[in-house]
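Reviewing the structure listed below.
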Amino acid sequence: MADTYDLIVLGSGPGGYVAAIRASQLGLKTAIVEREKLGGICLNWGCIPTKALLRTSEINHYLTHASAYGLSAEKVSFDLAKIVDRSRKVAGQLNAGVKGLMKKNKVTVVEGDGALKGKGVLTVTKDGKTTELNAKHIIVATGARARDLPFAKADGKRIWTYRHAMVPSEMPSKLLVIGSGAIGVEFASFYSDMGAEVTIVEMLDRILPVEDEEVSAFVHKALTKQGMKIHVSSGVEKIETGASGVKATLKGGATEEFSHCIVAIGIVPNTENIGIEALGIETNRGHIVTDGYGRTNVEGVYAIGDVTGPPWLAHKASHEGVVCVEAIAGKKPHPFETWNIPGCTYSRPQVASVGLTEAKAKEAGHEVKTGKFPFIGNGKAIALGEAEGFIKTVFDAKTGELLGAHMVGAEVTELIQGYAIARQLETTEEDLMHTVFPHPTLSEMMHESVLDAYGRALHY
Amino acid sequence: MPIELKMPALSPTMEEGTLAKWLVKEGDTVAAGDLLAEIETDKATMEFEAVDEGTIAKILVAEGTDEVKVGTVIALIASEGEDVGAASAPAAAAEPVAKDGGETGAGQPATPAPSPEVKGYGANPAEDKKIAAAAPTGAQPGAGDRVKASPLARRLAEQKGIDLSALQGTGPGGRIVKADIDGARPGQPRPAAAPAAAPAGAPAAAPAPVVHGVPDIPHEAVKLSNMRKTIARRLTESKQTVPHIYLTVDVQLDKLLKLRSELNAGLESRGVKLSVNDMLIKALAAALMEVPSCNVMYTGSELVTFQRADISVAVSTPTGLITPIVKDANSKALSAIATEIKELAGRAREGKLKPEEYQGGTASLSNMGMYGIKQFEAVINPPQGMIMAIGAGEKRPYVVDDSLQIATVMSATGSFDHRAIDGADGAQLMQAFKRLVENPLGMLA
């Protein structure tokens, strides 16, 4: 007799494990199936371990610029193995934390490769043995993986994906980063701050192409000032791997040699070998098609997170998981929508945004009012020695709706949630103007940016 | 300086009320403790006492004014020696200031208040609001309860001339959000919401109230009292959100009637007379204590089981139904219940119950026996878990010990919140109630 559950979650990333916890809270008998490590890419190979690495490079940057703060630090050096080890330990700690959460919430963890076998049936294969599990509801949360360059398959030696770039055995002397989304720019920032010579190649006409144009331009300038080379409206046409590095042929024919190359040109969803074809589950460009409650076209089968499409973000997956499970449990959650999901890039300088860019807002037919406040006008930023960056806000001129907010500079990833709350609660410029922001903080710039949109900025 | 007399909050939840009647007039001298006015809240009429002494210089809100916001200045009192005329002079210019910082709206008194000169955004916060809200009437609830809406939704409604109170919000707790405004047409209530992708099994969103045109038949229309509005809201909420199940039993009353006349004979000297209803209150409380799974409240996240049975007793008053509470009825002597109910019902009919005397209660009892109603199903009074509906006690052919006899029998129907109470638990309560009424000594012991 196969084990029977109310809900089985296939995949234990930030979408899957959060869905499992919520299901358990709501009284559903829940199992979670994972082929690798609990926590998925996010906390084992993504968000978390990269933040650990970037913390190291940030401190390295401060140590090598200690004199700016009246300190002297000489002979600053590093041990790459120890840096990687710290990052892995951070991931390990969180992986153990998820294990604990599963236990606490009485979620059964099943290790192995899961695949849908039919409605309500899932098989799990481990070490050649296959077991069958039954459930009324099955959530597919298998995530996504890095897209390969067809002519330059990552080998982990000279050509890396994010996964290799996270556990380097040697420090690149000269690094080529292909792709300038969040992942590409974060690794570029890490390796550049650790001393590598970094070149970024982007197909589109600007880096961080999903961000507001002013933000892209600012980061472009800041990274160039740090010594990086950036080629936009470009591309890599050929990669030749040699013993000591790679030779890249860029669009237009120019060639350049690098010690290492990171491919960060996007992701592909993990939909292979999980049995979705046999069940006739609808997909679009590889992504599983779902409604606002994570329901697929097949009753009893749901999908959440990266496997369902952009934005490919951990917090999007978690939120989708919660909404999906609440609907399964008969609650009345608000359907999932993507209009208010903040995005963060942890490069130096940091980038954070939520909602529409100025260009997208105009495209959507809004008459806009924009505000912008620079870090140089903020006392706390100057005291921190981080006077570069700005906060931009985009309002609908007629209604005062906060359409979007875009930030670049120190610690902005910790600030953006303020605007996300404002948007979720549908505040207007009036409520934001009447909000008291503590002094001295970087958050004061959020206030000033709103004031500026209405010609009332106080400190600039 | 004259003392400003403000609309009081007579219960913790009161936001506005009707100034039903002034008990003083301009020129009257009042002392602390004197009754000044009668104020009607959503459920009761309460007297408003003077705290200060002096002379009523000016009455600013006329009696009969509806929806007076808490904190609105309703009268001015001149203190001793103060010129009454001088006190009333500035009153005319004084703008009534609502407690929440000067929002203007439908709830403002009828007194003319000169509109402030617009000095531009930022002159002072109170004016900013007025400037931002160029047409405040559109954004304010038209009548009755506070309308929950996001700031953006309020502004959009204002700009499009949409009456927020006619909309059904889809945000958390029924909050009206931008999406609700986008789907609404100006000047008319929104058609019933059709949830685009409601999860299977989830109840559909409640339809917006339908506004019926009054047919062309000679009629008289009376404005809804706050009490009537509250009754309408709460009963609609109950029937729409609480799945009711109904369980009916026939109960033989002869032993209870006999016990009642014996007890009444004994109580006569004390001037107490027990009614059947008093005994049924006690029986229901005892049954609830015996079957605690029915003495419950469903909160959405928790199931609360009460350790005391407080019985709300439905009392009909000239203005509507109200339910005074007999607290801990199981532990009270029948004579105590009788005395208490008599006193509570009397004050209920005069509209003088205090909020704590009718809010709360763990279950209700409604008796229509005196009207000859044989049997009926009552609507649960949320957040309570059940209500017992009592029909008329009447002589019926009844099988006792396998022979057909005449017995006094009543039908009692319990309505249970099926989210919290399973059928079997409800049935157990009905059994216990029947047993206690048919063997009434059991509830005295």
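Protection proxy ranking, highest mean first, for peptides B:153-162, A:436-445, A:77-86: B:153-162, A:436-445, A:77-86, where packing is the per-residue count of other beta-carbon atoms within 10 Å, averaged. Neighbouring Cβ atoms from other chains, within 10 Å of the Cβ of residues in A:391-400, number 2 on average. Once the C-beta distance of residue B:239 and residue B:431 is scaled by a Förster radius of 30 Å, the resulting FRET efficiency is 0.70 to the nearest 0.05.
Note on residue B:376/residue B:258: beta-carbon distance plugged into 1/(1 + (r/R0)^6) with R0 of 25 Å gives a FRET efficiency of 0.40.
Any idea what % of Cα-Cα pairs in the stretch B:243-444 are farther than 30 Å? Can you show the working numbers first?
Details: 3558 of 20301 pairs.
Counting pairs separated by more than 30 Å, the tail of P(r) holds 18 percent.
Descending by average beta-carbon neighbour count within 10 Å, the peptides B:268-277, B:217-226, B:358-367, A:223-232 line up as B:358-367, A:223-232, B:268-277, B:217-226, the highest first. Bridgeable aspartates and glutamates around residue A:129 (alpha carbons under 12 Å apart, same-chain partners fewer than 8 residues away excluded): A:111, A:113.
The GluC sites (Glu not before Pro) of the stretch A:295-373 that DSSP puts in a loop, and whose beta carbon has at most 14 other beta carbons within 10 Å, are A:299, A:337, A:367.
Could you give the length gained by full extension between residue B:299 and residue B:419, i.e. 0.36 nm per residue of separation minus their alpha carbon distance, to one decimal place?
Values: separation 120, 0.36 × 120 = 43.20 nm, distance 1.00 nm.
In short, 42.2 nm is gained.
Projecting label points 7 angstrom from Cα along Cα→Cβ for residue A:362 and residue A:340 puts them 2.7 nm apart.
Using R0 = 30 Å, the C-beta based FRET efficiency linking residue A:282 and residue A:210 works out to 0.70. Label sites at residue A:241 and residue B:232, each approximated as a point 7 angstrom past Cα along Cα to Cβ, lie 7.6 nm apart. For the stretch B:271-347 versus the stretch B:365-391, the spacing of their alpha-carbon centroids is 13 Å.
From other protein chains only, count the Cβ atoms within 10 Å of every residue's Cβ in B:151-160, then give the mean. Can you show the working numbers first?
Details: counts 11, 13, 3, 2, 8, 7, 0, 1, 2, 0.
So the per-residue partner count for this stretch is 5.
Here, P(r) means the percent of Cα pairs in each 10 Å bin from 0 to the largest distance; for the protein assembly as shown it is 2, 9, 14, 17, 17, 15, 11, 8, 4, 2, 0, 0. Sites listed here are GluC sites (Glu not before Pro) in the stretch B:300-357 whose DSSP assignment is loop and whose Cβ has at most 16 other Cβ atoms within 10 Å: B:302, B:350.
If the chain between residue A:63 and residue A:376 were fully stretched, how many nm would it gain, using 0.36 nm times the residue separation less the Cα-Cα distance? Don't jump to the answer; show the numbers that get you there.
Numbers: separation 313, 0.36 × 313 = 112.68 nm, distance 2.27 nm.
Residue separation times 0.36 nm, minus the Cα-Cα distance, leaves 110.4 nm.
For residue A:58, neighbours were defined as the other residues whose beta-carbon sits under 12 Å from its Cβ, and their charges (Lys and Arg +1, Asp and Glu -1) total -1.
Can you sort B:52, A:127 so the residue with the fewest Cβ neighbours within 10 Å comes first?
Numbers: B:52 11, A:127 6.
Arranged by neighbour count, lowest to highest, B:52, A:127 become A:127, B:52.
In the stretch A:159-265 the Cα-Cα distances spread across 5 Å bins starting at 0 as 3, 13, 26, 26, 20, 10, 3, 0, 0 percent of all pairs.
Peptide packing for A:158-169, A:34-45 was compared via the average number of neighbouring C-beta atoms within 10 Å per residue; ordered from the highest value, the list is A:34-45, A:158-169. The stretch between residue A:299 and residue A:74 holds 74.6 nm of extra length on full extension. This uses 0.36 nm per residue minus the Cα-Cα distance. Cross-link pairs exceeding 26 Å in C-alpha to C-alpha distance, out of B:239/B:332; A:251/A:392; A:136/A:331; B:374/B:434, comprise B:239/B:332; A:251/A:392.
Among the listed pairs B:6/B:160; A:99/A:316; B:21/B:342, give every one whose C-alpha distance is greater than 23 Å. Let's see the in-between values first.
Details: B:6/B:160 34 Å; A:99/A:316 21 Å; B:21/B:342 27 Å.
Beyond 23 Å: B:6/B:160; B:21/B:342.
Taking every residue in B:162-174 and counting other chain Cβ atoms within 10 Å of its Cβ, the average works out to 1.
Values quoted throughout were computed directly from the atomic coordinates according to the rules given, and no laboratory measurement underlies them. This is a predicted model, so every value here is computed, not measured. Note: ideal-geometry Cβ built from the backbone for every residue, glycine included; neighbour counts use all protein chains shown.
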